Structure formats: structure tokens, C-alpha cells
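As C-alpha cells, the structure follows; a few thoughts come after it.
The values are calculated or read from the model by the stated rules, or taken from the named source; none is laboratory data. What you see is a predicted model; the values in this text were computed from it and never measured. Methodologically, a virtual Cβ is constructed for each residue, glycine included, from the backbone with ideal geometry; neighbour enumeration extends over all protein chains shown. Note: areas computed on protein heavy atoms with side chains; ligands, DNA, RNA excluded. Shrake-Rupley method; radii C 1.70, N 1.55, O 1.52, S 1.80 Å.
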Amino acid sequence: MYSNQDYLSQLLVEAGVVTPEAAQAAGNSVERLIMEGAVNEDQVTAVIAQNASLEIVDLSEYEIPQDVASQMPADVAKRFQAVPVHDDGTQLMVAIADGLNFETLDSLPHALGREVNPVMANLSDIQRLLMEVYRVGSADSAEIPEFEVLTMEGVEEVSEEDAPIVRIVTNMLISATKMNASDIHIEPLETTLRVRFRMDGKLVEVENHPKKLTPAIVARLKVMSGSMSIAEKRLPQDGRIQMRIAGKSIDLRVSTVPSNHGESVVMRILDKSALTLGLPQLGFFSDDEAVFKKMINLPDGILLVTGPTGSGKTTTLYACLNEINKPDRKIITVEDPVEYQLAGINQVMVKSDVGMTFAAALRSMLRQAPNIIMVGEIRDKETATIAMNASLTGHLVFSTLHTNDATGAVARLADMGIKRFLIASAVRAVLAQRLVRGLCERCKAPAELTEREMRILNIDRERAAAAGVLGPQGCPKCRDSGYKGRKGIFEIFQVDDEVRHLINDNLSSPEMRKRARELGMRTMREDGIRKVLAGITSAEEVIRVTMADEN
């Protein structure tokens with residue numbers, strides 16, 4: 001809550017970010033102006049900072065280190081709506097949302113017994129950190145009115161004793177979304193309930209709750225899904241939560257599994273903004289993008305994306321469909337499950353318990369006269385055969401395979417029982433990919449490669465120096481990790497006439513890979529090296545995800 005709202009509202013008008021009419025209509029309530037979209041938090045923070053002569057820090061994805069958090073007691077943090085950001089041994093940098101509150105500015109040094117360096121931050125970010133670090137909730141949080149669950153139906157009004165659980169779950173979901181987590185892991189241990197977020201592929205512990213809260217938190221999530229049984233605790237269950245946070249549409253795929261200490265919950269966050277990703281956002285360089293764009297615009301054939309679980313295959317497929325989704329094309333997908341709902345595309349979900357397998361769905365799809373088909377995964381000979389035949393009868397087919405590299409897709413299909421002449425005729429290209437963490441744009445800095453890194457990546461010191469290799473440093477924006485976001489590294493195996501002869505010649509996987517490289521295929525490690533030299537990622541990341549690649 002901001003103090004002296006009349007004065008702050010006047011400052012917003014004078015700064016030209018709010019009209020006098022809007023301020024009057026909102027009764028000079030800054031919170032109401034924010035909720036109605038007349039102004040955003042960044043603008044409010046900037047106006048306060050300018051008038052209070054304070055620096056602004058971005059805490060949107062910041063995580064307070066434990067040694068810094070311990071410098072401020074919870075009651076002080078709650079009273080002043082403030083969080084510690086950095087301790088240099090002399091001054092404690094403290095973020096506040098209301099730099100015009102002189103009582104806060106005057107009282108904090110006395111309350112902490114040390115010198116304080118106040119800085120400005122958005123109110124919602126401070127309230128999120130208060131909840132994460134000090135378990136402090138705020139009834140007037142600016143974020144809560146922007147949180148709306150779309151899949152709860154027929155749920156009774158929350159009772160007073162349930163309110164703390166609702167607040168815990170709500171803040172957990174808001175925090176995970178703001179921190180761009182891909183998964184939420186809620187894990188009952190022997191004495192505590194641990195909550196971890198997966199961010200940029202790494203699991204990070206964000207909070208712990210008393211073990212006794214486990215049943216209530218799990219029950220709350222089941223209720224939110226609208227389709228899971230609260231009474232059933234002995235069997236695994238799956239559900240889905242659809243919600244809107246700050247105007248952003250988010251889907252969560254919920255999975256519960258009984259464990260020794262209670263039900264464990266994993267929620268995968270499906271951010272629909274990923275649907276608008278184009279090929280450049282996936283991490284393609286312009287030359288590879290041009291090749292791949294040509295492949296996905298072919299009239300027929302099958303294009304495969306390969307890689308292990310969590311390597312971004314589904315995101316790549318959706319980006320392909322987003323690229324080629326035109327009004328004159330009929331696109332049908334069969335998925336297990338349907339992760340994102342795509343506008344203008346017919347999507348079918350696999351339901352094996354009622355006989356709707358990949359193969360059965362694929363047969364039915366072909367009777368719908370589609371131009372383009374996406375099969376979530378080729379798992380067996382039957383599905384592979386139907387997909388191959390469809391690609392040979394005028395359909396463009398996209399699918400995924402679990403193989404370590406692009407050329408390995410040929411052997412994998414052959415192992416399923418697909419004839420090599422059929423593979424050679426149907427497959428147009430195979431894209432293998434991995435995800436590497438991208439260097440934080442705010443803090444990445446020049447770095448020298450170690451002797452080991454230069455040896456493994458086959459980069460000499462002169463080449464690295466000429467390219468200006470960068471490395472991770474760490475800042476509040478990236479939670480001191482040095483990395484922010486992930487990018488793909490790729491290898492594209494194009495099946496042309498010469499490669500078709502190689503497939504029909506029954507070459508082994510190592511021989512096929514060797515010949516493909518002689519014909520110009522760039523490996524994932526080689527693509528990763530280009531991205532190291534371009535300052536996109538670090539040598540350490542490329543080595544980590546391409547350990548199986550040959551030197």
C-alpha cells in the first residue's frame with residue numbers, strides 16, 4: 001500500500017503518465033489506477049524514485065540470498081514492506097516501494113541498528129519476496145486481484161480457516177510465473193514440505209512449509225483443477241489448471257503421485273506466450289533458419305525432431321506450426337496430452353484407455369483430408385508406418401523421436417521395423433536439438449576459456465580472443481547465476497538423393513553420421529561452438545549438454 005495517495009496521484013498527473021480525469025475517477029487511489037490499467041507499476045516506481053532521488057532496482061526475478069535475508073527480521077520486513085537486497089558489510093541495501101514514506105526512510109536504520117541504503121522497487125516484487133523469504137502475506141497485495149483461476153467450477157466459498165492455504169498456493173503460482181519457472185515441484189519430506197521451481201533447466205529450492213500443511217495444499221490444487229478427486233490419495237492423478245495472472249493466460253499440467261511422506265505434486269507451467277515463438281527465438285542462426293524454413297514449407301514428406309525429454313522438441317514443433325499456419329491449410333495434431341491449444345488447428349488427444357492410440361487417431365485424421373499432420377511422438381511400428389505412408393500420399397508430417405542425434409533417427413525407425421526404402425522415400429529432414437542456458441544480457445562479461453574447454457571444443461586462444469568470448473558473472477536479474485533463458489543448439493540432417501542412397505545401403509549409425517558430416521552436416525557441438533563465439537552461451541554449457549558428441 002502506498003502512503004499519501006493524493007500526493008502520489010498528483011505526481012503521476014504532473015509526470016504525464018495519468019490523466020487528471022483518470023485520477024479523479026479512481027478517487028486518487030493509485031492501487032485502483034494500476035488495477036484499471038491507467039498506469040503500471042514501473043511508471044509509479046519511476047515517478048516515486050525521481051521525486052525521492054532514489055535508485056531503482058529490478059526485483060522481478062530476484063532471489064534474496066539467505067545471508068542477506070538474515071540481516072532483516074521478519075517483523076521489520078512486514079512492518080515497512082521492505083526487503084534486503086545486498087550487504088556490503090557497511091551498508092545494507094534495502095528495497096522499498098514507497099520512497100515518499102519518510103517514516104520508513106527514517107525508521108529503518110534505527111530498527112536494524114545499522115546504516116541503510118534505500119532503493120526503489122515495484123510493490124508486487126517486494127510482496128512476492130516477503131512471501132517467499134519471510135512467509136509474510138499481504139491482504140492488499142496488488143497481485144492478488146490480477147490472479148484468476150479459470151478451471152474451478154462449483155467450488156464452495158473459501159472459509160476463514162482455509163484462507164492461509166489459499167494465500168500460500170496463490171503466491172506460489174504467482175511467484176513461479178513471475179520467475180519464469182517451467183515446473184513447480186511440491187515434495188513432502190520427512191519433516192517438511194519442500195517447494196522447488198525448475199528455472200532454465202535447474203531445480204531451485206524456493207520455500208519450505210510445515211509438513212502438516214501437505215494435505216491441505218494438495219487438496220487446494222486438486223480443487224483448482226476441477227477434475228481431480230480430493231478423496232483419492234492412493235493412486236496417481238492428472239489434472240489441469242487454467243488461470244490468468246496479470247492478464248497473461250497460463251496453463252498448468254498437474255500430476256500427483258503417492259510417496260512415503262504424502263502426495264507429491266509436479267506442475268508443468270505452459271505459458272501460452274510460447275505459441276508466438278518464431279524460429280529465430282528458438283536460437284537458430286540465420287543460415288540454419290533458412291534451411292529449416294525451407295524444409296517445413298515442403299508440400300509433403302516427414303520432418304522429425306529428436307532429442308531427450310526436456311530438450312524443447314514440443315516447443316519447436318509448435319513454432320513450426322505457428323510458422324506455417326495459414327487459412328488455406330488444414331492442420332490436425334494428435335498429442336499425448338494436448339499441451340497448448342492452438343487457434344485454427346484441430347487437436348486430438350490420445351486416450352489409450354478407450355482405444356484412442358496414436359495409430360488409431362492418425363488413421364482417423366487422414367479421413368479428415370488435412371494438408372499438415374503433427375504426431376506428438378512416434379513410439380511404435382504401427383504409428384511410424386501410418387505416418388510414413390501419410391507423408392508419401394501428399395501430407396506434410398511433423399513428429400518427434402527419442403534419439404541422441406539426427407542421423408540416429410534412421411536406425412531408430414529401422415529398429416521399429418520400418419523398411420529402409422520407406423525411410424529414404426519419406427523422411428525429408430531430421431532436426432536434433434538440446435537446450436543450453438543463455439548468458440544473462442545484463443551481466444555477461446569477457447571471459448577466457450580454460451585449457452580443458454579449448455581442448456574439448458577445439459578452439460585455440462587466438463580464435464577465442466578474436467571473437468570476444470563472454471562468460472557468466474551474476475546479478476540480481478539472473479539471481480546471481482549468470483544465465484537467463486534457454487536457447488537451442490541444433491544439427492540438421494537433410495535427406496537428399498545422396499543420403500537416400502546411404503540409407504538404402506544399410507550403413508550403421510556411426511558410418512551414417514560420419515558420411516553426413518562429410519556432406520556438410522554441422523553437429524550440435526559445432527553449432528554450440530558458434531554460439532559460444534557469438535556470446536550467446538558459455539563453453540561450460542555447450543560441453544555439458546554435448547558430452548556424447550564426438551570431438
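Just a few scattered comments:
- In region 459-478, the qualifying residues are those that are outside any helix (DSSP H, G or I) and open to solvent by 60 Å² or more (accessible area, probe 1.4 Å), and the one that is nearest to Pro308 (Cα to Cα) is Gln473.
- Complete set of residues in region 1-39 that are surrounded by fewer than 15 Cβ atoms within 10 Å (Cβ to Cβ) and over 25 Å from Lys78 (Cβ atoms): Asp6, Glu14, Gly16, Thr19, Pro20, Glu21, Gln24, Ala25, Gly27, Glu36, Gly37
- All positions within region 71-98 that are of a type in the set (S, T, N, Q) and closer than 17 Å to Val206 by Cβ: none
- Residue ID - nearest to the chain's Cα centre (by Cα), chosen from residues in region 40-59 that are open to solvent by less than 70 Å² (accessible area, probe 1.4 Å) and among the acidic types (Asp, Glu): Asp58
- Among the residues making up region 514-536, a single one is under 17 Å from Arg437 (Cβ atoms) and of a type in the set (Asp, Glu): Asp527.
- Residue within region 97-112 that is among the aromatic types (Phe, Trp, Tyr) and touching a residue at least 12 places away in the same chain (Cβ under 8 Å) present: no
- Within region 413-449, the set of residues being without any contact (Cβ under 8 Å) to a residue 12 or more places away in the chain and either open to solvent by 40 Å² or more (accessible area, probe 1.4 Å) or not in a helix (DSSP H, G or I) (or both) comprises Asp415, Lys419.
- Qualifying positions in region 224-245 - of a type in the set (A, V, I, L, M, F, W, C) and crowded, with 16+ Cβ neighbours inside 10 Å: Met224, Met228, Ile241, Met243, Ile245
- Residues of region 74-103 classified as more than 16 Å from Leu130 (Cβ to Cβ) and of a type in the set (Asp, Glu), total: 3
- In region 8-15, the condition of being among the aliphatic types (A, V, I, L, M), farther than 24 Å from Phe102 by Cα and either part of a loop (DSSP other than H, G, I, E, B) or modelled with pLDDT under 85 (or both) is met by no residue.
- Helices (runs of 4 or more DSSP H) enclosed by region 36-142 - at least 2 residues per element that are at pLDDT below 85: 66-69, 74-80, 102-112, 123-134
- Selection count where residues are touching a Gly at 6+ places or on another chain (Cβ under 8 Å), part of a helix (DSSP H, G or I) and over 17 Å from Lys484 (Cα atoms), scope region 514-547: 0
- The residue that is most open to solvent (accessible area, probe 1.4 Å), counting only those in region 479-500 that are closer than 30 Å to Pro65 by Cα, assigned to a strand (DSSP E or B) and not small (Gly, Ala, Ser), is Arg486.
- Residue match in region 262-269 (condition: under 21 Å from Leu435 (Cα atoms), at pLDDT 85 or above and not hydrophobic (A, V, I, L, M, F, W, C)): yes
- Restricting attention to region 77-110, the residues being crowded, with 17+ Cβ neighbours inside 10 Å, over 34 Å from the mean Cα position of the chain (by Cα) and farther than 14 Å from Thr45 by Cβ number 3.
- Residues of region 249-261 satisfying the condition of being assigned to a strand (DSSP E or B), surrounded by 13 or more Cβ atoms within 10 Å (Cβ to Cβ) and of a type outside the set (S, T, N, Q): Ile250, Asp251, Leu252, Arg253, Val254, Pro258
- Residue that is surrounded by fewer than 20 Cβ atoms within 10 Å (Cβ to Cβ) and either among the aliphatic types (A, V, I, L, M) or under 17 Å from Leu431 (Cα atoms) (or both), where the choices are Ile456, Ile529: Ile456
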